[in-house]
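What follows is a single structure, written as structure tokens, with notes after it.
The values are calculated or read from the model by the stated rules, or taken from the named source; none is laboratory data. These figures come from a predicted structure and were not determined experimentally. Cβ placement follows ideal geometry from the backbone for every residue including glycine, while neighbour counts extend to all protein chains displayed. Note: accessible area is taken over every heavy atom of the protein model, side chains too, but ligands, DNA and RNA are not part of it. Shrake-Rupley method; radii C 1.70, N 1.55, O 1.52, S 1.80 Å.
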Amino acid sequence: VAKWAQLDGCTGAITDTGMAIDLDASVAGQETKIERYGGCPQSAVELWTMGGSGHFPELGPSWVQQILRFLAAHPKK
């Protein structure tokens, strides 16, 4: 993620957004923490960390919605 931030020209550090989402159906609650780099002129650079998930998470129905929401909020310029 640091490499993407560098390539995108981000000037800020990565910080915790305080937001969490539910992507893994096998883990109760909102297990995915979202961190974001600041000062990104092109788009958003985020790190989504799935706490308690295995190597192959059981992606629930909301993961498609969450990915599409992110992409729609950050269109390619």
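Apolar share of the accessible surface for the chain: 60 percent from carbon plus sulfur atoms, 1.4 Å probe. Place a label point 7 angstrom from the Cα of Ala20 along the Cα-to-Cβ direction, then list the residues of the range 54-75 whose backbone nitrogen is under 19 Å away. So the set is 54-55, 57-63, 66-67. Computed with every protein chain present, the accessible area of Met19 is close to 90 Å² [probe 1.4 Å]. A 1.4 Å probe, protein heavy atoms only, puts the accessible area of Glu58 near 110 Å².
Heavy atoms of the protein chains alone define the surface here; on that basis the chain has 68 Å² accessible area per residue at 1.4 Å probe size. How far is helix 62-73 tilted off the main Cα axis of the chain, in degrees rounded to 10, range 0 to 90? Helix 62-73 and the main axis of the chain meet at about 10 degrees. Once you divide the Cα radius of gyration of the chain by 2.2 N^0.38 Å, the number left is 1.16.
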